[in-house]
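See structure below.
The values are calculated or read from the model by the stated rules, or taken from the named source; none is laboratory data. All values reported here derive from a predicted model rather than from experimental measurement. Cβ placement follows ideal geometry from the backbone for every residue including glycine, while neighbour counts extend to all protein chains displayed.
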Amino acid sequence: MMNNKRLMNAPVRGVFKHKPVWLALMAALSLPVANVWAEPSSTLDIDNVPVTGNPLGVSSDDMVVPVSVLGGRELSLRRQSTLGETLNGIPGVTATQFGPNASRPVIRGLDAERVRIMQNGVGVLDASSLSFDHAVAIDPLIIEQIDVVRGPAALLYGGSAMGGVVNAIDHRIPKESLDGYTGRAETRFGGPENTRNGAAVVDVGNGTFAIHADIFSRETSNLSIPGYAVSKRKSQADGTPRDSKGDGKQNNSDALSNGGALGAAWTFDKGYLGLSYASTNNNYGTVAEDDVRIDMENKRTELAGEIRDLKGPLQKIKLRMAHTDYQHVELENGDPSTTFKNRGMQGSLEATHVPLAGLNGVLGYQFQNTRFQALGEEAFVPSVTTQDQGLYVYEEYAIDKHKITFGGRLGETTVDAHADDKFTQANNSRFNPNSFALGGLYNINDNWSVTSNLSHNERAPSYFELYANGEHVATGQFEVGNQNLNKEVSNGVDAQLKWKSGGHSLTLGAYATRFQNFIGLFNSGTTDAVSGLPIANFQAVPALFKGLEMEGKFALNDEWVLKLRGDYVHAKDTRNNDYLPRISPLRIGGGLDYRLGGWNARVDVLHAFKQNDVASEELKTNAYTNLSALLAYKLPTRVHVELFAKANNLLNEEIREHASFLKDISPAGARSILVGARADF
């Protein structure tokens with residue numbers, strides 16, 4: 001285990017090295033107000049903001065697909081150290097939770113390649129879908145808005161997005177004219193991991209050109225946990241000592257990360273054109289092994305532009321591109337062991353056409369060209385080049401207050417595995433995944449509406465599902481790919497009943513997705529003779545996912561708001577009627593929000609029921625109740641400064657997320673308090 005002194009001397013690369021920046025960030029909270037300053041929105045009006053999932057820019061209230069939006073003050077108060085934990089608890093969303101430093105979102109029981117993680121509408125290239133101990137290359141500290149589209153979103157964002165899309169928006173390329181300056185800063189201390197972090201974002205413009213800059217830093221200690229890291233169930237099942245991964249503290253769970261970005265854009269009456277460069281560094285412990293750390297470096301260059309109000313058949317043209325150079329080194333006792341690299345270009349070109357026979361819509365082309373390399377003794381996949389391209393169309397047809405939507409995508413994917421010293425055979429696989437969707441929105445009256453989607457989705461197998469062949473220590477298995485896999489095919493139906501009246505709203509949703517050949521990792525029942533690890537094979541099986549979601553908000557009076565939420569997922573391998581692994585149990589939650597003047601107080605509770613519906617050789621998970629609270633106060637100053645304190649896991653429960661591979665050796669944090677300050681200027 002690496003202590004804090006050793007952590008500070010760990011080889012974190014980049015522009016900030018080890019110097020903490022949160023001390024300097026406190027000064028940013030007292031920046032003077034510019035003459036052009038206008039009062040920023042501290043909360044996000046979710047019903048009136050254009051969101052991911054509809055390229056025509058309609059509000060989320062008019063969306064046919066289920067969508068959740070986090071932004072502004074609400075996102076700031078909800079931020080966690082990972083993208084997965086920031087979103088965990090949204091209806092339909094859980095997290096892989098590989099300790100406190102690596103966590104990807106899980107949407108409706110689907111994760112990895114089936115959840116498309118994007119930044120500003122362009123995919124994120126990292127290694128997080130390959131292995132759950134690999135962190136997503138996005139830090140929530142610099143994100144301004146997160147859109148979560150639940151359900152198939154493969155039409156617009158790539159054939160892999162069968163579970164949904166998470167789009168993190170950072171505004172590093174300014175899109176609107178700015179004359180003056182604006183920005184925000186925040187810092188926070190405490191929590192179960194004793195975090196010390198901060199971020200500052202500034203935009204400056206003269207009405208024609210705008211420049212963006214941001215910086216962030218995060219340092220955490222080993223996670224405080226309520227008791228032993230190893231669960232009683234695991235200790236009874238295989239004899240693992242309960243204190244072997246920590247007692248009161250999670251072994252090897254500290255981290256140090258930092259980064260920043262510069263961006264610039266030319267803005268004009270009918271559009272913008274901009275460029276940005278960002279660098280992120282992250283050095284963290286992998287809780288599955290006490291002597292292993294990951295040293296990650298990610299560099300991303302983005303180009304984006306848009307031209308509006310064109311004459312002729314097209315109204316608008318939008319271009320988005322990103323080049324990523326990602327690398328992380330796994331360090332064993334401080335020495336480099338295995339290196340993962342992912343480098344490539346992704347982008348899209350999208351055109352909105354003029355209304356045609358009552359149809360409004362877009363045509364688009366999307367491409368991706370990436371080279372992934374795994375080098376070292378624990379490399380369990382070969383070096384792979386993946387090329388993906390697709391043509392898509394999305395159309396809406398309005399009928400009075402109602403509308404019908406249609407989308408289609410034609411794709412081509414090639415996955416080329418290269419021979420090297422460890423993987424001696426080169427392979428090539430080619431797929432043509434095509435997806436289609438038909439949806440509708442019917443307004444029953446001014447208060448009630450119903451939406452529904454029918455979809456057919458196809459996904460090309462990923463490189464590790466095809467070519468994996470080796471020890472994967474993070475999952476404790478010897479993984480074997482299957483080069484004979486075909487496209488993963490599914491058909492789904494999704495429906496929502498929505499009610500709105502004044503400050504009240506309620507959404508009830510149900511869905512079902514039937515997979516013709518769900519690609520999963522299944523235990524073979526045999527053991528690898530050399531490593532001693534159980535052999536797990538990637539196989540395609542018929543499967544059925546179905547579930548329910550609920551979200552409500554009720555304004556009790558001018559000061560009090562009641563919020564309710566819940567979700568349930570049921571997933572089975574229908575070949576032999578077995579439950580699929582790592583499916584979150586039924587969850588029900590609610591909260592009370594109180595506002596008076598500059599004060600805001602809230603209490604929130606989420607109860608997850610016991611998960612008894614488990615896969616073969618998977619341990620059950622106990623129920624838990626997570627009670628949290630928040631107290632915030634806006635200072636009566638010209639600059640919007642808010643002080644806040646958050647109390648987490650007030651009942652000090654042993655919280656183990658069933659969706660996590662490490663649920664039996666890495667629980668969530670213990671009871672804790674975090675304090676912070678945020679400012680908009």
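Brief remarks on what is shown
- The one condition in (1) within 17 Å of Glu330 (Cα to Cα); (2) of a type outside the set (D, E, K, R); (3) surrounded by fewer than 24 Cβ atoms within 10 Å (Cβ to Cβ); (4) modelled with pLDDT of 90 or more that Ile142 fails to fulfil: (1)
- Filtering the range 656-680 to residues that are touching a Ser or Thr at 6+ places or on another chain (Cβ under 9 Å) and of a type in the set (Val, Ile, Thr) leaves only Ile665.
- Of the residues Tyr228, Tyr272, the single one that is more than 30 Å from Ile142 (Cα to Cα) and surrounded by fewer than 23 Cβ atoms within 10 Å (Cβ to Cβ) is Tyr228.
- The residue of the range 562-597 that is nearest to the chain's Cα centre (by Cα), among those that are over 25 Å from Leu627 (Cα atoms) and of a type in the set (Ser, Thr, Tyr), is Tyr579.
- In this structure, Arg409 does not qualify as under 23 Å from Gly344 (Cα atoms) and surrounded by fewer than 20 Cβ atoms within 10 Å (Cβ to Cβ).
- For the range 563-577, a residue qualifies if it is closer than 22 Å to Glu465 by Cβ and part of a loop (DSSP other than H, G, I, E, B), and the qualifying residues are Thr574, Arg575, Asn576.
- Members of the range 158-181 that are of a type in the set (Val, Ile, Thr), within 19 Å of Leu275 (Cα to Cα) and at pLDDT below 95: Ile169
- Subset of the range 565-593 [crowded, with 21+ Cβ neighbours inside 10 Å, under 30 Å from Phe554 (Cα atoms) and among the small types (Gly, Ala, Ser)]: Ser584
- Condition met for Ala322 (farther than 30 Å from Gly408 by Cα and of a type in the set (Gly, Ala, Ser)): no
- Of all residues assigned to the range 368-375, at least one qualifies as being closer than 24 Å to Tyr326 by Cα and basic (Lys, Arg).
Residues are listed down the side, and each one gets a yes or a no for (1) surrounded by 16 or more Cβ atoms within 10 Å (Cβ to Cβ); (2) among the aromatic types (Phe, Trp, Tyr); (3) assigned to a strand (DSSP E or B):
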{"residue": "Gly520", "(1), (2), (3)": "yes, no, yes"}
{"residue": "Asn523", "(1), (2), (3)": "no, no, yes"}
{"residue": "Ser531", "(1), (2), (3)": "no, no, no"}
{"residue": "Ala536", "(1), (2), (3)": "yes, no, yes"}
{"residue": "Val541", "(1), (2), (3)": "yes, no, yes"}
{"residue": "Phe545", "(1), (2), (3)": "yes, yes, yes"}
{"residue": "Phe554", "(1), (2), (3)": "no, yes, yes"}
{"residue": "Asn557", "(1), (2), (3)": "no, no, no"}
{"residue": "Val561", "(1), (2), (3)": "yes, no, yes"}
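- When residues of the range 602-626 are limited to those that are closer than 18 Å to Val93 by Cα and hydrophobic (A, V, I, L, M, F, W, C), the one surrounded by the most Cβ atoms within 10 Å (Cβ to Cβ): Ala608
- Elements of type strands (runs of 3 or more DSSP E) in the range 86-204, at least 1 residues being within 28 Å of Leu606 (Cα to Cα) and under 15 Å from the mean Cα position of the chain (by Cα): 93-95, 105-107, 115-119, 145-150, 164-169
- Note on the range 623-679: among residues that are touching a residue at least 24 places away in the same chain (Cβ under 8 Å) and among the β-branched types (Val, Ile, Thr), the one that is farthest from Gly246 (Cα to Cα) is Val639.
- For beta carbons closer than 6 Å, sequence separation of 6+ or different chains, a first residue in the range 238-258 that is on the phi > 0 side of the Ramachandran plot and a second that is among the acidic types (Asp, Glu), the qualifying pairs are Asn252/Asp290.
- Of the set (1) under 30 Å from Lys634 (Cβ atoms); (2) over 13 Å from the mean Cα position of the chain (by Cα); (3) part of a loop (DSSP other than H, G, I, E, B), all apply to Leu75 but (3).
- Given (1) farther than 24 Å from Ser68 by Cα; (2) in contact with a Pro (Cβ under 6 Å, 6 or more places away or on another chain), number of the condition Arg565 does not satisfy: (1)
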